[in-house]
Structure formats: structure tokens, C-alpha cells
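Down below is the structure, laid out as C-alpha cells.
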Amino acid sequence: MKKFMILVVAALFVAGVGAPAFAEKAVKKTSEQKYERIVASIVSIDPKTKTINVTREENGESRTVVISDKALAQVHVGDRVRIKLKPGTNESVGLRILGAKPVADAGTAAPAAAAEPAAKAVTK
């Protein structure tokens with residue numbers, strides 16, 4: 001029983017000493033990998049140079065972004081995308097195609113519902 005207690009205390013000691021060093025490495029790693037993220041609409045695509053021209057939704061700024069071959073095959077003009085850029089560059093690290101921009105006008109949904117024929121009531 002004494003040997004077991006000695007092993008448990010030794011394991012706790014090692015875990016206590018090693019945990020702060022591990023946590024410090026994790027914090028440094030995440031702080032070094034900061035990216036710029038933008039949400040934009042694709043205005044044009046140039047497959048030859050692997051670039052897309054986008055307009056940011058936030059402020060209407062126009063940018064040219066370099067993207068990967070895989071992303072180039074998936075995007076289309078007019079798509080709404082979220083792009084992760086390397087800091088200080090126009091080079092894309094990741095690109096995600098988002099759905100259509102949400103419409104703030106609720107009045108457009110009502111006419112579509114009204115166009116459907118009313119369901120008939122069944123009576124016995």
C-alpha cells in the first residue's frame with residue numbers, strides 16, 4: 001500500500017510541474033496564428049492568376065485575393081464567402097462559401113405563402 005501511495009504522489013507531482021509548461025506552449029501557439037477574416041461577395045474570378053475580386057460587406061471595400069486551386073473550383077461570381085487571410089497580405093489561408101445574404105425585408109415572404117392554394121377541409 002505504501003508503494004501505491006508513493007506512485008500516486010509522484011504522478012501528481014509530475015502532472016503539477018508539467019501542466020503550466022504545456023499550457024504556456026498552447027497559449028503562444030494560438031497567439032502567433034492571428035488571421036484577418038472578411039465576409040465578402042465575389043465580383044469576378046481570374047482562373048489564370050488564381051485570384052478573385054471581392055467586395056467586403058462591412059464597408060464596401062474592393063480587394064483582390066489569391067486563393068487555392070481547390071477553392072477556385074468551388075466558387076462562382078456572386079457567391080457570399082468568408083475568407084481567412086494571412087496577416088498583412090491578400091493571400092487566402094481558407095475560404096468558406098456562405099449562404100445567401102439574409103434579407104431584412106419580411107414583406108417578401110408573405111406573397112409567396114399567399115400564392116399557395118388553401119387546403120380543403122375534410123368533413124364526414
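Condition test on VAL54, is it hydrophobic (A, V, I, L, M, F, W, C), in a strand (DSSP E or B), over 19 Å from GLY99 (Cα atoms) and within 19 Å of the chain's Cα centre (by Cα)? Spelling it out, it is not the case that VAL54 is hydrophobic (A, V, I, L, M, F, W, C), in a strand (DSSP E or B), over 19 Å from GLY99 (Cα atoms) and within 19 Å of the chain's Cα centre (by Cα). Filtering segment 93-105 for residues that are loosely packed, with under 10 Cβ neighbours inside 10 Å, out of contact with any strand residue (DSSP E or B) (no Cβ under 6 Å at 6 or more places or on another chain), modelled with pLDDT under 65 and outside any loop (DSSP other than H, G, I, E, B) leaves an empty set.
Of everything in segment 82-92, what is in a strand (DSSP E or B) and either loosely packed, with under 13 Cβ neighbours inside 10 Å or not β-branched (Val, Ile, Thr) (or both)? Give them in sequence order. First the steps, then the outcome.
Narrowing segment 82-92 to residues in a strand (DSSP E or B): 82-85, 91-92.
ARG82, LYS84, LEU85, GLU91, SER92 - these are the residues of segment 82-92 that are in a strand (DSSP E or B) and either loosely packed, with under 13 Cβ neighbours inside 10 Å or not β-branched (Val, Ile, Thr) (or both).
Residues of segment 61-81 that are assigned to a strand (DSSP E or B) and either of a type in the set (Ser, Thr, Tyr) or over 11 Å from ILE45 (Cα atoms) (or both): SER62, ARG63, THR64, ARG80, VAL81.
The values are calculated or read from the model by the stated rules, or taken from the named source; none is laboratory data. Because the structure is predicted, anything quoted here is derived from the model rather than measured. Reconstructed Cβ throughout: ideal geometry from the backbone, glycine too, with neighbour counts over all protein chains shown.
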